[in-house]
Amino acid sequence: MSNAMKVGVIGLGHMGSGIASSLMRAGFDVIVYNRTREKAAPLVAKGAHLAATVSEACRGDAVITMLADDNAVDEVVSGDGGVLASLAVGAIHISSSTIGVSLSADLTQRHAHAGQRFIAAPVFGRPDAAASGKLFVITAGSREAITTAQPLLDAIGQKTFVVSDTPSAANLFKLSGNFLIATVIESLGEAMALIDKGNIDRRLYVDVLTSTLFGAPVYQTYGTLVAERRFEPAGFAASLAQKDIRLALAAGDALHVPLPIASLLRDRFVALAAQGRDHLDWSAISELAAFDAGSRRPQEQGGSKAA
């Protein structure tokens, strides 16, 4: 069944491709754009329209951006053929990228000046959740814009949480959430380094913890990845996680909030990058505790770029 809204999706990585698929499954008329055109091919085969430029992807009622970082978002939004120059007056830019608070505030002002609407809608969930339309959407912006965009958000997520009428609040929410997930991964790594040295089975350890006191999805998902040392393919690359921790620290600086654990996590991700392993899933920082304990060496974990 066809839906009247036409929506562009810019950025077809694991998450963006899943979002586009979910929108198509819900009956929306979807236009897709990716700098590397090959990534659009599977979606085009299913009926998506291929945009040759960013501008072509902005010819609908809304456009969703799902890009790697602030620079990528700013590059797509700005310029002669960017989102700002191409989106119709009254149309909506839905930013689902995990970006900094300051960039989100800047985009809010620039879209308002252009007569366009802007909402931040970052998501929680890994690529499998994106592909099945089961993300959790954290959104902020004007109530009217969110109401208009709600059918799109319903298609990509199992639940939408409206947290503020100021878009950047959703980005702060998302960054703080990713910070919490990273603390879980780090603490799991340290705990497993300890039980490893005591000759306790890692899988058994996770099974017991997640069936008793630590039954939350974050412990179930990352406990399994950490216990099985399953870091490839990356659902969320460590290089992106390092960026998110850096943005969380920047938000802390701006709000005068010390984040000592975030500083430690930053160093963990930098250490992983120094080993040439920041292409692995961010749960790979859990291995650093085992290295520190002398029970593993970096080269014992496969997947290095040099290999």
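The values are calculated or read from the model by the stated rules, or taken from the named source; none is laboratory data. Everything quoted here is computed from the prediction, not taken from an experiment. No Cβ is skipped: glycine too gets one built from the backbone with ideal geometry, and neighbour counts run over all protein chains shown.
Could we say that F118 is over 22 Å from A4 (Cα atoms) and not aliphatic (A, V, I, L, M) here? Write out each step before concluding.
Working: over 22 Å from A4 (Cα atoms): no; not aliphatic (A, V, I, L, M): yes.
Taking the combined requirement at face value, the residue does not satisfy it.
Please go through the range 102-137 and give me each residue that is more than 24 Å from D253 (Cβ to Cβ) and part of a helix (DSSP H, G or I), ordered by number.
If the condition is that a residue be more than 24 Å from D253 (Cβ to Cβ) and part of a helix (DSSP H, G or I), then H111, A112, H113, P127, D128, A129, A130, A131 are the ones that fit.
Which residues, taken from the range 1-58, are surrounded by 16 or more Cβ atoms within 10 Å (Cβ to Cβ), among the hydroxyl-bearing types (S, T, Y) and without any contact (Cβ under 8 Å) to a residue 60 or more places away in the chain?
Y33, S55
Please state which of the following conditions D61 fails to meet, knowing it meets all the rest: (1) among the charged types (D, E, K, R); (2) in contact (Cβ under 8 Å) with a residue 12 or more places away in the chain; (3) surrounded by fewer than 18 Cβ atoms within 10 Å (Cβ to Cβ).
Among (1) among the charged types (D, E, K, R); (2) in contact (Cβ under 8 Å) with a residue 12 or more places away in the chain; (3) surrounded by fewer than 18 Cβ atoms within 10 Å (Cβ to Cβ), the lone unmet condition for D61 is (3).
Taking V54, is it closer than 24 Å to R117 by Cα and either in contact with a Gly (Cβ under 7 Å, 6 or more places away or on another chain) or of a type in the set (D, E, K, R) (or both)? Before you say what the answer is, go through the steps one by one.
On the way: closer than 24 Å to R117 by Cα: yes; either in contact with a Gly (Cβ under 7 Å, 6 or more places away or on another chain) or of a type in the set (D, E, K, R) (or both): yes.
Here the answer is yes, as V54 does meet what is asked.
How many of the residues in the range 39-86 are within 24 Å of A145 (Cα to Cα) and either of a type in the set (S, T, Y) or not assigned by TED's automatic domain parsing to the domain that holds A145 (or both)?
Residues that pass the stated criteria total 4.
So which of E56, E38 ends up being over 23 Å from the mean Cα position of the chain (by Cα), of a type outside the set (S, T, Y) and assigned to a helix (DSSP H, G or I)?
Details: E38 fails: over 23 Å from the mean Cα position of the chain (by Cα).
Answer to the selection: E56.
Of all residues in the range 138-159, which are crowded, with 20+ Cβ neighbours inside 10 Å and part of a strand (DSSP E or B)?
Within the range 138-159, I138, T139, A140, G157 meet the criteria.
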